[in-house]
Amino acid sequence: MLESGRVYQVWVRGREGLHPYPTFVLDEQGRATTAIGSLPPGAREVLVTNEREGGSEDPTSRPLLSAPLG
């Protein structure tokens, strides 16, 4: 489960590996929204990791959530 007060980052696994997407934080009710935009070629999975403020070019933690695409 995701926790308030932490920064999370979205990743999309494509044909050429993981692609970084925006970071987000949960609001007081434990909700958040973010936009992914266009997907990389061969996109097959969305993941969420706990990252530092501003995000990262590569994941620094194991995925907390994942969901298949398609």
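Here are the numbers:
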item: Residue selected from the stretch 1-16 under the condition closer than 17 Å to E51 by Cβ and part of a strand (DSSP E or B), by the criterion most open to solvent (accessible area, probe 1.4 Å); result: R13
item: Count - residues of the stretch 17-31 that are modelled with pLDDT of 95 or more and part of a loop (DSSP other than H, G, I, E, B); result: 2
item: Residue count for the stretch 18-53, restricted to those that are exposed (fewer than 11 other Cβ atoms within 10 Å of the Cβ), more than 14 Å from G5 (Cα to Cα) and touching a residue at least 12 places away in the same chain (Cβ under 8 Å); result: 3
item: Which numbered condition E57 fails, given (1) touching a Ser or Thr at 6+ places or on another chain (Cβ under 8 Å); (2) charged (D, E, K, R); (3) at pLDDT 95 or above; result: (1)
item: Boolean, G70 is open to solvent by less than 90 Å² (accessible area, probe 1.4 Å) and not charged (D, E, K, R); result: no
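The values are calculated or read from the model by the stated rules, or taken from the named source; none is laboratory data. Quick caveat, the model's predicted, so the values are computed rather than measured. Neighbour counts run over all protein chains shown; Cβ positions are idealised from the backbone, glycine included. The area values use the complete protein model at the heavy-atom level, side chains included, leaving out ligands, DNA and RNA. Shrake-Rupley method; radii C 1.70, N 1.55, O 1.52, S 1.80 Å.
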